[in-house]
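The values are calculated or read from the model by the stated rules, or taken from the named source; none is laboratory data. Given the structure is predicted, the values throughout are model-derived calculations rather than measurements. Here the Cβ is made from the backbone with ideal geometry for all residues, glycine too, and neighbour counts use every protein chain on show.
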Amino acid sequence: MGVKIMSVCILLIVALIYIQTIAKKRLFFHTVRIKSNIEVWISHIILEETIEGIDIPKKFFRMLNDPKARQVAIDELIKCKKNFSGAVADNIVALYNKLGLREDSLLKMKNKRKWYIQARGIQELYLMDQKNLLTKIYRETNSKHEFVRSEAQIAVIHLTGFNGLRFLDVITYPLTLWQQIKLLEQLKLFGKKEDLSDRIPKWLSSKNDTVVVFALRLAAEYQQYAIKNNVIDCLVHPAKIVRTQAIKTLIVLSDERTPSMLVGYFTKEDFENQVHILNSLLNMATDDQKDFMIRLLDAPDNIIKVKAATVLVNNCTNGIQIIEQKAAIEPEPFERILRHVKSVK
């Protein structure tokens, strides 16, 4: 009896595997057919000046009654559009609209229950340049779901360039480091250096600390010297992540006053930011900071001592002699520090 049950189970498993294999094979060939048809229409588009000159057979429209086929068509059109520009790209978008695929993407964007579908819909719409849906997409820039708002934020920049940054006025959820990097990458596609000096000050006063951080990144990336005083104000911001980025941005926008300014804020900072300040002073300190560096040689932390010694040796008059004298009086740890600064000088 047990053997019979086992045999039946094995047969069922084999049958299920066979059915699944057949289904996958059918889907594969169905997908291939859709792709080949799309490629035909794309080749026509390349040769035609407008989409109006292309007669799409009813057979192809019937094929698109299958939701899976429609998704394949969308994916292929997006893939093709990435490889073309100008009139050809415009015609690809026109074909996307003519086939009614825009409505599919819009339906996905409206799917609030499944964030991954909503995010995909937003992505499809902006990649197919659906600027008339900008208002609807903009509403999702402050979505409660990270991936939805991320796609929406990238979308508004993709569609409108630097003007798309207006979402920074309203978002309340954090901008992750990864998202900030993606947004900067998207902005770089527009090439032209933008004057943001009239907008960044507002973002620097945002209650959302990550918006402030991103605004500081923008100030550094686009060298917004006109708002340097606003950046300096951020050195006393209550959030450490803001102060850290303010230091980094100030270094990018530095002038002859910057070393003294950083020294002035040094004692107010935590260890991590103190190290960052000393690292930056290695490239800009002068004899004006010499006395302060000498005082730091008596700091309780050896890392601070090493960093200060390195700045002295590389930037200040008689820096190496100062460390040698210190090593003669206090061999530990200054003999080790002396060997280190000589090796990196």
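Output the number of residues of segment 82-120 satisfying the condition of being within 15 Å of Leu159 (Cα to Cα) and in contact with an Asp or Glu (Cβ under 9 Å, 6 or more places away or on another chain).
The qualifying residues number 3.
Applying the selection to segment 293-312, what residues are buried (at least 18 other Cβ atoms within 10 Å of the Cβ) and more than 38 Å from the chain's Cα centre (by Cα)?
Selection gives Leu297 alone.
From the residues in segment 195-210 that are part of a loop (DSSP other than H, G, I, E, B) and basic (Lys, Arg), which one is farthest from Lys240 (Cα to Cα)? Quick ask: steps written out before the conclusion?
First pass over segment 195-210, keeping only residues part of a loop (DSSP other than H, G, I, E, B): 195-199, 205-208.
Among the residues that remain, those that are also basic (Lys, Arg) are: 199, 207.
Numbers: Arg199: 23, Lys207: 14 Å.
For segment 195-210, the residue satisfying everything is Arg199.
Scan segment 322-334 for residues that are more than 21 Å from Asn279 (Cα to Cα) and either of a type in the set (Ser, Thr, Tyr) or assigned to a helix (DSSP H, G or I) (or both) and jot them down. Walk me through it before giving the result.
Keep residues of segment 322-334 that are more than 21 Å from Asn279 (Cα to Cα), which gives 324-332.
Scanning segment 322-334 gives Glu324, Gln325, Lys326, Ala327, Ala328, Ile329, Pro331, Glu332.
Could you check, for segment 178-199, whether at least one of its residues is among the small types (Gly, Ala, Ser), within 17 Å of the chain's Cα centre (by Cα), surrounded by fewer than 21 Cβ atoms within 10 Å (Cβ to Cβ) and under 19 Å from Glu221 (Cα atoms)?
Narrowing segment 178-199 to residues among the small types (Gly, Ala, Ser): 191, 197.
Retained after the next criterion (residues that are within 17 Å of the chain's Cα centre (by Cα)): 191.
Retained after the next criterion (residues that are surrounded by fewer than 21 Cβ atoms within 10 Å (Cβ to Cβ)): 191.
Add one more test, that the residue is under 19 Å from Glu221 (Cα atoms), and what stays is 191.
Yes, because at least one residue in segment 178-199 is among the small types (Gly, Ala, Ser), within 17 Å of the chain's Cα centre (by Cα), surrounded by fewer than 21 Cβ atoms within 10 Å (Cβ to Cβ) and under 19 Å from Glu221 (Cα atoms).
Can Asp209 be described as loosely packed, with under 15 Cβ neighbours inside 10 Å and either farther than 20 Å from Gln153 by Cβ or without any contact (Cβ under 8 Å) to a residue 40 or more places away in the chain (or both)?
In short, no.
Quick check, is Ile157 in contact (Cβ under 8 Å) with a residue 24 or more places away in the chain, out of contact with any Lys or Arg (no Cβ under 9 Å at 6 or more places or on another chain), among the β-branched types (Val, Ile, Thr) and within 27 Å of Asn83 (Cβ to Cβ)?
Spelling it out, Ile157 is indeed in contact (Cβ under 8 Å) with a residue 24 or more places away in the chain, out of contact with any Lys or Arg (no Cβ under 9 Å at 6 or more places or on another chain), among the β-branched types (Val, Ile, Thr) and within 27 Å of Asn83 (Cβ to Cβ).
If I ask for residues that are modelled with pLDDT under 90 and of a type in the set (Asp, Glu), which ones from segment 47-89 would you list?
Result: Glu48, Glu49, Glu52, Asp55, Asp66, Glu76.
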